[in-house]
Structure formats: C-alpha cells, structure tokens
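Read through the structure below, which is laid out as structure tokens, and then see the notes.
The values are calculated or read from the model by the stated rules, or taken from the named source; none is laboratory data. The shown structure was predicted, so the numbers you read here are calculated from the model rather than taken from an experiment. So basically every Cβ, Gly included, is an ideal-geometry build from the backbone, and we count neighbours across all protein chains shown. The accessibility values were calculated without ligands, DNA or RNA, using every heavy atom of the protein model including side chains. Shrake-Rupley method; radii C 1.70, N 1.55, O 1.52, S 1.80 Å.
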Amino acid sequence: MAGPEIALSVTTYQKPWHLRRALASIAGQRGVEGRMEVVVTDDGSTDETPAVVEEFRRRVGFPLLFTTHEHLVYHPSRSRNDGARATGAPYILFIDGDCVLPPDHVAIHLAHRKPGSAMLGDCHRADEALSATLSEVGAERGDFLEWNLDEERRRINRRHFKHRLYTFVRHSRKPKLVSNNVGIWRSDFERVNGFDENFKNWGAEDDDLGRRLRRAGVRLESIMPYTRLVHLWHPRETSITKRWRDGANAPYFLRPAWLTRCRNGLTRRPLGDLKIGVAGRPARPEQAEAICRQAGLDAKSLFSLDPAAASRFGRAEVELLFLPGEGRFSGAAECQVLVVLDAAAVSSRLLKNAQRIAADRTFPDRPPEIQFPLSEFARALDSIV
C-alpha cells in the first residue's frame, strides 16, 4: 500500500488546550481521506500533551505519530525537524499547534503544490475573548470561519500583495517565510538540510530557512489567497522581542557567511562533508597541504583537481585561498577563507572579501570573530555553519 501523500507536522509545547483544538480541526479535514498522516512534534512538554495526542490517536482513522525530546530551551527548529525525520511522506505541511485549520486547508495545499516551489501562508490572529469561545467540536466544524476577523483579513491581504510584489521584482531577501503554515516538498527540504537547529528561542529560524531555499533555487509562492489558519490567543513566548533584530538569534542570522545546506539540521554534517575547494595556486604548496592534512582534509584531492574533475565536483561551499600564491577568490563559494602564510602578501581587498581568516597575526580592520590563528585552521573551518 502506498504511503500518505502529505504529512502535517504540528509543533507544540505546553499548550494542551490549543493542541486539542488544532487536532480537532485536523480531524475535520475534508477530501483527503487516506492521503495524509499527522506528526505532533513536541518540544518537551511536561503536562498532559502526550495524553492528549494518545487520546486523539485512538479516535481518528489516519496515522498519528508523536515525537518529543527533553526541553532544555524553546527550540522550534528542532521540533520541526523531528517531524520531518519521523515521516517519509513526500510533502510536508508545517503548522503550529496553537492554530486551527479550515476544513479544506489540507486539500487546498495538496491542490496547489508545485515542483520546486514552497507554498507560504500565514494566519489570522484571534484575540483572547474570541479564542476562549472555541470548543473542540467547534474547531472540527470550522466555527471559527464565522468570526469577525476583517482587520486580520486585510492585514493578510496586504501581506499577499507584498509577496507578489517582492516576487515580481525578484527581491533578494523577501517574501518572508512564516513557519506556521508552509507546504514544502521533502526533496526541497532535504536539499537545504531542513531547519538550522543552531537557532534556539524565538525568531529568525524561518527567515533563515526561506533564504536558504531561495538560494537553492526553490520558488517561494503564496497560498494566502486560498487558505489561512486562525491563531488562537495565548501569552507571548518570553523570548519574543518587539523587533526581531533585538532577539537573541539576530547576530547568528546576520553572520557574514552561511551555507545553503546548514550543518546542524535534519542531519549533522561533519567538516568532511563540506565541499571545499582551493582558489588559485599556493606559492608554498607543501605548507598549504600540511595545514589541510592537520585539519583532516584530503589535501591530495584538494590540490590536484583538474578542470574536468572540478566540473564534476560542482561549486564549492567553502573556498580556500592561500597567501602567498596566485589567483583570487572566485566569488562563487558560500564562504571564502583566507589562509595567510606570509602577512606581507595580504591585500586589503582580499581581507575584505574573506569571511574567515587564518593567520599568525590579527588584522584590526576585520571583525575579531572571523579571525583564527593558523594553528586553529580546523576550528576556523568548523565554525562555518
């Protein structure tokens, strides 16, 4: 028997009241019988959340899985990856466990999925008083569709218009991906290695997924004209800040170099898994090779790539440039590492273009966090995420 076409990954933490209603709305989905499964991905709740899931599993006719882990910190990126790891479905719909779904929500996502595209949505936000009126039976029936959320509808309409505008002008950083309502092909999600689990607490993990999908060539399209979730009120997560740039994740998100396939995602990528290339020709090849070998790199392969082999290898994620030597950075790699064997050979332009510098001296006009002693060349590479 063929497996489900779509998996709903429902992320939750310490909100059993909301989860009951989210699951009830999933039970009320129409036109998808035999086509879906659900994975509740818990961030380590210590309340009755597991019992809520088990009770729901016993009364529904579709597969229901449950994942959890010890709660050390608010960690939605890990929970969402747990959901993807638990299912083999070819299409994944990420939703939050504090949202309820219109009865045709899953069917609409299935109807609008496209190869090479992620379908981005959002939610209408209900206030505390309105949210409190929704029963589980009402959630399954879709009673919330009758709520007066006109201002929220206008807000989402404006957001959809901006989405289309950003797409038309080919904006490099927008439209924004909001992870409470995203449909994506498993193959595209795996192409970027899922959510980056280095993002902890609130903020930026979905922005990061969006930019890596965009760089990987995945189109970010809007499903907002066709379906929207309704978010049920609850107190704000304590790590939320008024401006995302004030959040704890902002410095990590704004780092100067980042990999399309993050290293701490669906799978943990060791240093040896990175595609590393060498730009130009080192003037001291023996010393350069020795440094690479000490970092555990295959120096022989790095320094013997002929043009045909380099073509088969594909574009490097990380490019090394040794000084002194011939050549310069290609500009095609995702991170450029300058390895300075002789400081007299350094130019200001090369320093400016490097996102990591390994040298036995420091350069005061470059950020200290990107500079490493030559003896710590392996750590300089391992810090690239």
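In the chain, the longest principal axis of the Cα atoms and the axis of helix 49-59 are about 60 degrees apart. How would region 151-191 be classified by its alpha-carbon gyration tensor: rounded, prolate or oblate, with rounded meaning a/c under 1.5 and the a/b versus b/c comparison settling the rest? Oblate, because a/c is 1.5 or more while a/b does not exceed b/c. Summing Cβ point charges (Lys, Arg +1; Asp, Glu -1) relative to the Cα centre of the chain gives a dipole of roughly 1480 debye. Using a ≥ b ≥ c from the Cα gyration tensor of region 55-121 (square roots of the eigenvalues), is it rounded, prolate or oblate, where a/c under 1.5 gives rounded and otherwise the larger of a/b and b/c decides, a/b for prolate? Verdict is oblate for region 55-121.
Of all the options THR260, THR133, THR227, the one that moves most in a Gaussian network model of the chain with Cα springs shorter than 10 angstrom is THR133. Taking Cα atoms only, the orientation of helix 285-294 departs from the longest principal axis of the chain by about 40 degrees. Sparsely packed loop sites in region 1-58 (the GluC sites (Glu not before Pro) outside DSSP H, G, I, E and B with at most 10 other Cβ atoms within 10 Å) comprise GLU33. Placing unit charges on the Cβ atoms of the charged side chains and taking the dipole of region 233-385 about its Cα centre, the candidate lying farthest along the positive direction among SER347, GLY280, ILE240 is ILE240. In the chain, a dipole from Cβ-located charges (positive for Lys and Arg, negative for Asp and Glu) runs towards its positive end, and of SER117, GLN294, LEU64 it is SER117 whose Cα lies farthest in that direction. The protection proxy used here, the mean number of other Cβ atoms lying within 10 Å of each residue, ranks peptides 334-341, 12-19 as follows, highest first: 334-341, 12-19. When DSSP beta bridges are restricted to pairs lying wholly in the chain, around 25% turn out antiparallel.
In this rough spin-label picture, where each label sits 7 Å from Cα along the Cβ direction, the LYS176-GLU70 distance is 3.5 nm.
A value for volume of the Cα convex hull per residue in Å³ was derived from the coordinates, and within the list [x] 142; [y] 162; [z] 282 it appears as [y].
The phi-based Karplus calculation (6.51 cos²θ - 1.76 cosθ + 1.60; θ = phi - 60°) puts the 3J(HN,Hα) values of region 239-253 at 8, 6, 10, 4, 10, 5, 5, 8, x, 5, 8, 4, x, 5, 5 Hz, whole numbers, x for Gly and Pro. Of the cross-linked pairs LYS15/LYS162; LYS162/LYS275; LYS162/LYS242, those separated by over 28 Å at the C-alpha level are LYS15/LYS162; LYS162/LYS275. Between ARG366 and GLU5, what is the label-point separation in nm under the 7 Å Cα-to-beta-carbon projection? Those two pseudo-labels are separated by 5.3 nm.
Helical content of the chain, expressed as a calculated mean residue ellipticity at 222 nm, amounts to -9000 deg cm²/dmol (DSSP H runs of 4 or more residues, -39,500 (n - 2.57) each, divided by residue number, nearest 500). In terms of its C-alpha gyration tensor, region 23-163 has a rounded overall shape, because the principal axis ratio a/c (a ≥ b ≥ c, square roots of the eigenvalues) stays below 1.5. Calculated FRET efficiency, ASP143 to GLN14, Cβ-Cβ distance, R0 = 25 Å: about 0.50 to the nearest 0.05. Sorting 324-330, 77-83 by their mean Cβ neighbour count within 10 Å, with the most densely packed peptide first, gives 77-83, 324-330.
Comparing GLY203, GLY265, GLY217 in a Gaussian network model of the chain where C-alpha atoms under 10 Å apart are linked, the largest mean-square fluctuation is found at GLY217.
On region 1-44, 50 percent of the accessible area sits on carbon and sulfur atoms, based on a 1.4 Å probe.
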